[in-house]
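Bear in mind that the values in this text are calculations on the coordinates, not laboratory data. As the structure is a computational prediction, the values presented were derived from the model and not from experiment. Positions of Cβ are generated from backbone atoms using ideal geometry, with glycine treated the same way; all protein chains shown enter the neighbour counts.
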Amino acid sequence: MSVSPRHRDLAQRYGTPLYVYDLTRVRAARRDLFGFLPEGVEVYYAFKANPHPDLVRALRTGDGPACKAEISSTGELATALRAGYRGADILYTGPGKTAGELDEAMRGGVGLFSAESLGDLEHIGRAALAHGTTAQCLLRINSVTASAASGVRMTGKPTQFGIDSETVRESAAALTSVPGTSVAGLHLFSQSNARDEESLLAEFRHTLETAARIQDELGVDLRVLDIGGGFSVPYGRTGERAMYPKLRGELAAALDVFFPGWRQGLPRIAVESGRYLVGDSGHLLTSVSNLKTGRGHTFAVLDAGINVFGGMSGLGRLLPVSVEIPVDQDSRQVTLAGPLCTPGDVLGRDVTVPADLAPGDLLAIPNTGAYGPTASLLMFLGRPSPVEVVVDGETTVSATRIERTRVAHDAEHTHG
Ligand SMILES: Cc1ncc(COP(=O)(O)O)c(C=O)c1O
């Protein structure tokens, strides 16, 4: 596959670098994911993957079960509420919730909070009391053990995330008696981008076993159990979204063992997904600004770098990207560099490109619907943000650009 005529037209019209997101693919991913899960399992969309208003709306509206919202900031809260998510359908997560943002979340009617530690729980409780309410909380657990190898492991080591699983028993009394809070359930997010269906399943089984044990240790009946995610899609590379044909049956069987009341909603079971729902909806279109050869290497310098795609590369998650080229085309390998004045601005090494690649050529990087502009170094070196076009099949829905301007700040806050 090479750059499609539609993408060429859009690039001509809006210029590059340009993101194109197709809502038909977002809806397909949502349909597939709900189809792979046992009936009744809820899906929280992780806004961090892509908070574009048209995408988050598409995940909530239309046919089939709607996604709920997993958010970690007041910016994401505002986006969720504007897109029509009810407060009751929002889960607020994150290790550093401030008093100010908790206050805003309470005012927005957020239904569930993930508490990352006893201190975090106390902060949530204080905010809830100030609002005359009781916050429904999920205790986030950092499990000391794990089952599967995964793309990005989030637990088992010391991190700012979650309560160490081995300490729950001794702190159960404290965790379950924080004024202004009610422990509604548990939140375990142990991996991102699972290697394959077996790893995903093994990790979910392990999570259920851990959750059942912690339920006993806490001495509370869980009303909500968020078992995390790990649903996978290539990131900036050619390839297909993962399929999970065994998940529905095997997860239901594991739930029957560990939480026999789940079919009656005790507890409600939820998963979280970011990249899977939006990843393959996106293409990044970028133009070659220059070709440079030095010491035996050819660099295709693009108008898109880590300012546009790949702020996450610092986390070791990105390289290498690939570009779409026809299978029968003569090709060669180059380093894809961005336009920034830093040697770190590399999108991929030894990337296969057309043999006759020349300045002015258009390239399409597939599977860039997740962790794109808002996960990148948008401000670095002051280049304009890319235009983001949303299409629904043949229809263009919107074309927008994230604007950043320096505004005068309230002096009291600056110096206070
Ligand atoms: C708590 C939590 N939920 C959901 C996600 C989304 O992960 P993914 O985009 O891999 O589905 C993350 C990613 O780091 C996360 O930390």
Where in the range 271-310 does the amide nitrogen come within less than 18 Å of the point 7 Å from the Cα of Leu381, taken along Cα to Cβ?
-> 285-294, 298-310
Per the 1/(1 + (r/R0)^6) rule, R0 = 25 Å and r from the Cβ atoms of Thr145 and Ala88, FRET efficiency to 0.05 is 0.15
FRET efficiency estimate (nearest 0.05) - Cβ-Cβ, Thr238 to Thr405, R0 35 angstrom | 0.40
Linear extension gain, Arg248 paired with Ser4, 0.36 nm per residue minus alpha-carbon span = 84.3 nm
Residues other than Leu102 with Cβ under 12 Å of its Cβ, Lys/Arg counted +1 and Asp/Glu -1, net out at -2
Quick one: how many lysine pairs does the chain have with C-alpha atoms less than 23 Å apart and a gap of 8 or more or different chains? Give me the count, please.
-> 5
The relative contact order of the chain, taking Cα pairs under 8 Å that sit 6 or more residues apart, comes to a percentage of 19 percent
Counting Lys and Arg as +1 and Asp and Glu as -1 over every other residue whose Cβ sits under 10 Å from the Cβ of Arg169, the net charge comes to -3
How do Thr210, Thr145 rank when sorted from fewest to most other Cβ atoms within 10 Å of their own Cβ?
-> Thr145, Thr210
Measure off 7 Å from each Cα along the Cα-to-Cβ vector at Phe34 and Asp392, then give the distance between these two points in nanometres to one decimal.
-> 1.6 nm
Quote the convex hull volume per residue of the range 361-405, based on C-alpha atoms, as a whole number of Å³.
-> 111 Å³
Which parts of the range 197-237 would a label at Val327 reach, counting a residue when its backbone N lies under 14 Å from a point 7 Å out along Cα-to-Cβ?
-> none
Once every DSSP H run of n ≥ 4 in the chain is given -39500 (n - 2.57) and the sum is divided by its residues, what mean residue ellipticity at 222 nm do you get, rounded to the nearest 500 deg cm²/dmol?
-> -8000 deg cm²/dmol
Over its Cα atoms, what ratio of radius of gyration to 2.2 N^0.38 Å does the range 263-407 give?
-> 1.22
Would you be so kind as to identify which of Ile227, Ala253, Met243 lies farthest towards the positive end of the dipole of the range 211-261, taking Lys and Arg as +1 and Asp and Glu as -1 on Cβ and the Cα centre as origin?
-> Met243
Which of Cys341, Cys67 comes first, and how do the rest follow, when ranked by fewest Cβ neighbours within 10 Å?
-> Cys341, Cys67
Evaluate the charge dipole of the range 44-88 about its Cα centre and quote only its size in Debye, nearest 20, assuming +1 on the Cβ of each Lys and Arg and -1 on the Cβ of each Asp and Glu.
-> 100 debye
